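Q: One structure follows; several queries about it will come next.
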Amino acid sequence: MKLNGLANTEIYKPDILDGTDEAISVQKHSAEQTHAKEEHKPWKTDAVDSAAHIETYNNYSSAGTHVDKVTAQQSTSTDSLSKVPVASETVDGVEIDPETPNMPQTEADRLAQAFKESEAFVRMMEKHQHAIMVKVRELPEWRALGSQLIEDLSPKHYEILQKMLWTAIARTHEPQWHNEDARNFGVPVNKWQSKLNRELPLKNNHQDYNLVDMWNGVGLKNSELMEFTMYNTVTMFFMLKASAGYLDDNIRTFLPQVRFGEDSGPDATFENRMASIAEYVNQQFKEAQRTLTATDRFSISLNSNFTFNVRGGSRDSNEFLQDVLNNAGGWLLTRVLDSIFNHRGENGEVPSWLESTGTVDFWRILAEDFGMGFIEASDEYLEWIDRLWTARARKQTDEWLFEEFGFGLDDLTFSNGRLSGRTQEITDVINSDDRFEQYLLSRRTLQSASIVDALRTPPDLDLSFINIIFEDGRFSIIY
């Protein structure tokens, strides 16, 4: 299967609900690969394991509802998620075409305008540009706009948001999160559950949550937990809408961060993501006074050391393109890997290896609940892409060690549960820096594998299965 591939994203994969702005800025990056079949298979053994959260999301609770996949797929196919024209409305007895430029403002339009023109917002933009999305929550105009946007959601999208909120609250109630969350909010662990039950009640069914009432109560009931959870969930929901192609100026006004969702939207195909590299390569050929003909077709693969190998053209042209790719700098490799991992299908489909990204299963929700579907890929290709991800994580861990400490993975050993260096000097550094204990066995961080996973990953993994095509001045990828 051949896909052409747009967007400017990186390849990091965060827990999206843990931290608003930082998480938003890296949301498009993925964490766990699972195949889009009737049963979800975890392809990433060293990434965030969200299998439990996938089960939570699909089943809600033991006393709640269970969504049958066949039924859900049927309802998605007949749902109103497609972007149909907005129905006309009647104003003072006159039917108004919503496409007419002079149509009356909706309530959301009016509230968005009031928010942008509020004195507090203008003053805040002048003084707190870097903290705008923290400070903005204090403004009543912003809260009113959020309430209206939630109220205006279609029934289908309203239920998706309900399900996301239920999942976020259920996660917070899980015992393994208590100690960490209690520390974050300064609450003694033994009082944490009672605080959760009071401020974040976990109901049996996602439909039991009245989102508008809950949103309007944020900030009014002195509930730090509710504000944190509600704000992050609503933010992530609109990120999903952006990634599905549903966005308007009122949502951009409400949450400027949603532009990151647009970057990973339906148009983020492999060809489009690689457009800047194609422009760079074409310019290099032009400056070297080399002519690319319509019949030139180059096949590009990766070596185990993350250098490029080119074949398919003449020997001279292959060597030239190979030198261009390998000597461009780290930005080019990062963009290529980002394009491989995060591109969308021609009709906006989500790659099955991006199916889960931590607690909110961002890409799975986008594919299934928003009806975007999955790109088809063989089990063999999923194993290959996992190998590429693992090798990249090892490389990033090695680079981090050199940058921070001046030595790399080859200078470390792990035996009998103990990490040490090949010299006493390195061992002393390991014993004196808490970061080694922090990253020793932890799951993948935003940028790298755990130290143990990196040490256990062979440095010479075969990556030759990657097959990128450069033809007619554009890039595509073959599975």
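Q: Any idea how far apart residue 327 and residue 432 come out in nm if each label point goes 7 Å out from Cα toward Cβ?
A: 4.2
Q: Treat the count of other C-beta atoms within 10 Å as a stand-in for reagent exposure and order 167, 253, 427, 293 from fewest to most.
A: Numbers: 167 23, 253 19, 427 16, 293 9.
The most exposed by this proxy come first: 293, 427, 253, 167.
Q: Take the alpha carbon gyration tensor of the range 353-419, find the square roots of its eigenvalues, order them as a ≥ b ≥ c, and report rounded if a/c is under 1.5; if not, report prolate when a/b exceeds b/c, else oblate.
A: Prolate is the answer for the range 353-419, as a/c is 1.5 or above and a/b outweighs b/c.
Q: For a quick check of your reading of the filter: which chymotrypsin sites (Phe, Trp or Tyr not before Pro) in the range 407-466 sit in a DSSP loop and have no more than 16 other Cβ atoms within 10 Å? Show your work: numbers first, answer last.
A: Values: sites: 407, 414, 436, 439, 465; in loops: 407, 465.
Here the chymotrypsin sites (Phe, Trp or Tyr not before Pro) that fit, given the DSSP loop and packing criteria, are 465.
Q: How high is the relative contact order of the range 351-479, given as a whole-number percent (alpha carbon pairs under 8 Å, six or more residues apart)? Could the numbers behind the result be given before it?
A: Details: 120 pairs, mean separation 27.7, N = 129.
The value is 21 percent.
Q: While we're on this one: Picking from 430, 455, 400, whose Cα lies most toward the positive end of the charge dipole for the range 394-479 (charges on Cβ: Lys, Arg +1; Asp, Glu -1)?
A: Among 430, 455, 400, the one farthest towards the positive end of the dipole of the range 394-479 is 455.
Q: List 352, 442 from most exposed to least, where exposure is judged by having the fewest other Cβ atoms within 10 Å.
A: Details: 352 26, 442 13.
Least crowded to most crowded, the residues run 442, 352.
Q: Ranking 172, 291, 235 by Cβ neighbours within 10 Å, fewest first, what do you get? Kindly include the intermediate steps, with their values, before the conclusion.
A: Details: 172 20, 291 9, 235 24.
Fewest-to-most ranking of 172, 291, 235: 291, 172, 235.
Q: For labels at residue 282 and residue 119 in the simple 7 Å Cα→Cβ model, what's the distance in nm?
A: So the two model labels end up 5.3 nm from each other.
Q: Further question: Quote to one decimal, in nm, the extra length available between residue 152 and residue 252 on full extension: 0.36 nm per residue of separation minus the C-alpha distance between them.
A: 34.5 nm
Q: What is the spin-label model distance, in nm, from residue 456 to residue 267 if the labels are put 7 Å beyond Cα along the C-beta direction?
A: Here the answer is 4.3 nm between the modelled labels.
Q: Residues of the range 303-333 with the amide nitrogen closer than 19 Å to a label point 7 Å from the Cα of residue 295, along Cα-to-Cβ, please.
A: 311-319
Q: What full-extension length gain, to one decimal in nm, is calculated for residue 416 and residue 309 as 0.36 nm per residue of separation minus the Cα-Cα distance? If you can, show how the numbers build up before the last one.
A: Working: separation 107, 0.36 × 107 = 38.52 nm, distance 3.94 nm.
Length gained, residue 416 through residue 309: 34.6 nm.
Q: Residues of the range 234-261 with backbone nitrogen within less than 13 Å of a virtual label 7 Å along the Cα-to-Cβ line of residue 159, please, listed as ranges.
A: Of the residues in the range 234-261, none has backbone N under 13 Å from the label point off residue 159.
Values quoted throughout were computed directly from the atomic coordinates according to the rules given, and no laboratory measurement underlies them. Treat the numbers as computed from the prediction; the structure is a model and nothing was measured. No Cβ is skipped: glycine too gets one built from the backbone with ideal geometry, and neighbour counts run over all protein chains shown.
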